[in-house]
Amino acid sequence: MLKVGLTGGIASGKSVVGEMFVALGAHQVQADRIAHSLMQPGEAVYDAVVQHFGREMLNPDRTVNRARLAEAAFAAGRGTESRIQELNGIVHPAVIRRQDEWMQEIGRQDPHAVAIVEAALILEAGARDHFDRIVVVTCSEEQRAVRFAARQKIDLQSARNEVARRMAAQLPDADKVKAADFVIDNCGSLENTRVQVQRVWEKLRAEAEKS
């Protein structure tokens, strides 16, 4: 089995690229969905988030209001840095453990599988060594803003501000590219991206077959 980390900055198009890999035969899990499941009532991560950030982060049904939590984590106060590192310190270790468990299960089911974890913060979380290969998706900052605006249904300037704020908590693309085994430039058309994905897939699949 080949363990692949699929990463890139906010709104770079990771999910689109991931769907293309899945269509070609890859197995995939999204770290964001794992994190969401770990923040459900009864989970240790949920309890830690409530303890550190307060019950004001909860909806009336006791589920975590993720938008409110993100706002609290990214917002700086009293001249200090944001609390995003505090939140990541709670969530990342649990997500990484769950990712590893998922990849192990895929390997038991299919010894020659390509198992892809889509996650924005693989490198930032220190999880590089959990993967055999890293695929980085890139695009321009303005494209990120346009995509984020469409996704969140907000105006473009608000999207630019939010993208800039979130990118400040991530490694620059240049650093991600240096750590990558493969880079997919998602600045062009979907067809152009699909051609790149196909090319990378052939290499990943060949390597998985040898494992």
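Name the single residue that is farthest from residue 120 (Cα to Cα) among those in the stretch 33-60 being in a loop (DSSP other than H, G, I, E, B) and not small (Gly, Ala, Ser).
Here the residue is 60.
What is the one condition in (1) over 24 Å from residue 36 (Cβ atoms); (2) surrounded by 19 or more Cβ atoms within 10 Å (Cβ to Cβ) that residue 129 does not satisfy?
(2)
Which residue pairs have Cβ atoms under 9 Å apart, sit 6 or more places apart or on different chains, and have a first residue in the stretch 91-105 that is at positive phi and buried (at least 18 other Cβ atoms within 10 Å of the Cβ) and a second that is assigned to a helix (DSSP H, G or I) and charged (D, E, K, R)?
none
Given the conditions (1) within 20 Å of the chain's Cα centre (by Cα); (2) over 30 Å from residue 197 (Cα atoms), and given that residue 31 satisfies all but one, which numbered condition is not satisfied?
(2)
Take the residues in the stretch 115-126 that are surrounded by 21 or more Cβ atoms within 10 Å (Cβ to Cβ) and touching a His at 6+ places or on another chain (Cβ under 9 Å), then tell me which one is farthest from residue 1 (Cα to Cα).
Among those residues, the one meeting the criterion is 122.
Hey, can you tell me all the residues within the stretch 144-164 that are hydrophobic (A, V, I, L, M, F, W, C) and loosely packed, with under 13 Cβ neighbours inside 10 Å?
Listed by number, the list holds a single entry, 150.
Any read-out appearing in this document is the output of simple, stated calculations on the displayed coordinates, not a laboratory observation. Note that the structure is predicted; figures quoted are calculated from it, not measured. With ideal geometry, Cβ positions are generated from the backbone for all residues, glycine too; neighbour counts draw on all protein chains shown.
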